[in-house]
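The values are calculated or read from the model by the stated rules, or taken from the named source; none is laboratory data. Predicted, not measured: the structure shown is a model, and the values here were computed from it. In this analysis, Cβ positions are derived from the backbone assuming ideal geometry, glycine residues included, and neighbour counts consider all displayed protein chains.
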Amino acid sequence: VKMSIRMFARQASCWMKQIQRTSYRVSSHRFISINSGLPTMTRLWTTPRPVTAPFGLRFATVEAGELRKGEVFDFKGSKCVITKTANQINNRKSFVIIEFRDMKTKTKRSETFRSEEKLEKCFIERVDLTYLYTDNKQLCLQDPQTFEGMEISESILPEHQLAYLHEGDTVKLILVDEVPLQLELPAKVICEVQSTDGKNATLTNGRTVVVPSYVNAGARILVSPETEEFLGRE
């Protein structure tokens with residue numbers, strides 16, 4: 001009897017591990033953000049997608065010193081993405097300076113925490129999608145693997161970044177607990193210069209960027225959609 005119980009317990013443990021390895025979240029047809037001010041997403045995936053967070057978890061309490069660039073944490077009720085961290089020792093006490101950006105308001109700030117201070121780390125999903133076109137202030141995107149389409153309000157992007165969206169671009173959608181929080185454009189995009197005065201260039205998308213004097217009208221240049229900084233010629 002003892003042997004049977006031991007074998008059953010071992011088999012049950014294997015079953016649980018298998019469930020965790022193969023667990024999937026089946027997305028509904030809509031992501032609805034109620035009273036959050038975040039964009040609403042419609043016509044999303046109906047096929048299963050792997051869960052990227054640990055089984056059954058959406059948040060975890062961690063020490064501030066464990067957080068890294070690119071991770072998302074909860075700061076006073078807002079979801080914030082970390083852009084930089086730096087360690088500091090003062091009076092034999094360890095601190096960490098975290099620079100981050102509010103994923104809803106896009107505002108940037110910096111805060112100093114004790115290294116052992118407890119913060120809530122958010123488990124996030126990053127989904128690669130293809131931008132197709134914009135219709136009635138809705139960004140039409142497509143999953144390149146399943147070819148399923150979806151729409152999301154263009155308010156998820158800062159206004160100036162909308163001008164840098166090109167058909168066929170691969171964008172990255174960031175979700176926390178199935179709520180879309182941010183859409184990341186490529187780090188650099190190709191733009192054509194319409195006119196220039198030797199310092200400022202007007203692009204064919206209507207935006208103006210600072211460029212070196214050697215850049216002439218008709219040139220194709222690389223620009224950061226986030227900062228609108230000139231990154232070089234194509």
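Counting only strands (runs of 3 or more DSSP E) that sit completely within the range 119-212, those holding 3 or more residues that are surrounded by fewer than 16 Cβ atoms within 10 Å (Cβ to Cβ), in contact (Cβ under 8 Å) with a residue 24 or more places away in the chain and not assigned by TED's automatic domain parsing to the domain that holds Ile97 correspond to 124-135. Give the number of residues within the range 196-234 that are out of contact with any strand residue (DSSP E or B) (no Cβ under 8 Å at 6 or more places or on another chain), among the small types (Gly, Ala, Ser) and closer than 27 Å to Gln182 by Cα. Total satisfying the criteria: 1.
Applying the condition of being over 19 Å from Arg114 (Cα atoms) and exposed (fewer than 13 other Cβ atoms within 10 Å of the Cβ) to the range 53-75 and asking which residue is modelled with the lowest pLDDT yields Phe55.
Any idea how many residues of the range 213-234 are within 28 Å of the chain's Cα centre (by Cα) and either without any contact (Cβ under 8 Å) to a residue 24 or more places away in the chain or surrounded by 13 or more Cβ atoms within 10 Å (Cβ to Cβ) (or both)?
Here is the first cut: in the range 213-234, the ones within 28 Å of the chain's Cα centre (by Cα) are 220-234.
Subset that is either without any contact (Cβ under 8 Å) to a residue 24 or more places away in the chain or surrounded by 13 or more Cβ atoms within 10 Å (Cβ to Cβ) (or both): 221-233.
Number of matching residues: 13.
Restricting the range 58-98 to residues that are among the acidic types (Asp, Glu) and closer than 21 Å to Arg126 by Cα, the residue that is farthest from the chain's Cα centre (by Cα) is Glu66.
For the range 76-99, which residues satisfy the criterion of being touching a Phe, Trp or Tyr at 6+ places or on another chain (Cβ under 7 Å) and surrounded by 14 or more Cβ atoms within 10 Å (Cβ to Cβ)? Walk me through it before giving the result.
Filtering the range 76-99 for residues touching a Phe, Trp or Tyr at 6+ places or on another chain (Cβ under 7 Å) gives 80-83, 88, 95-96, 98.
Cys80, Val81, Ile82, Phe95, Val96, Ile98 - these are the residues of the range 76-99 that are touching a Phe, Trp or Tyr at 6+ places or on another chain (Cβ under 7 Å) and surrounded by 14 or more Cβ atoms within 10 Å (Cβ to Cβ).
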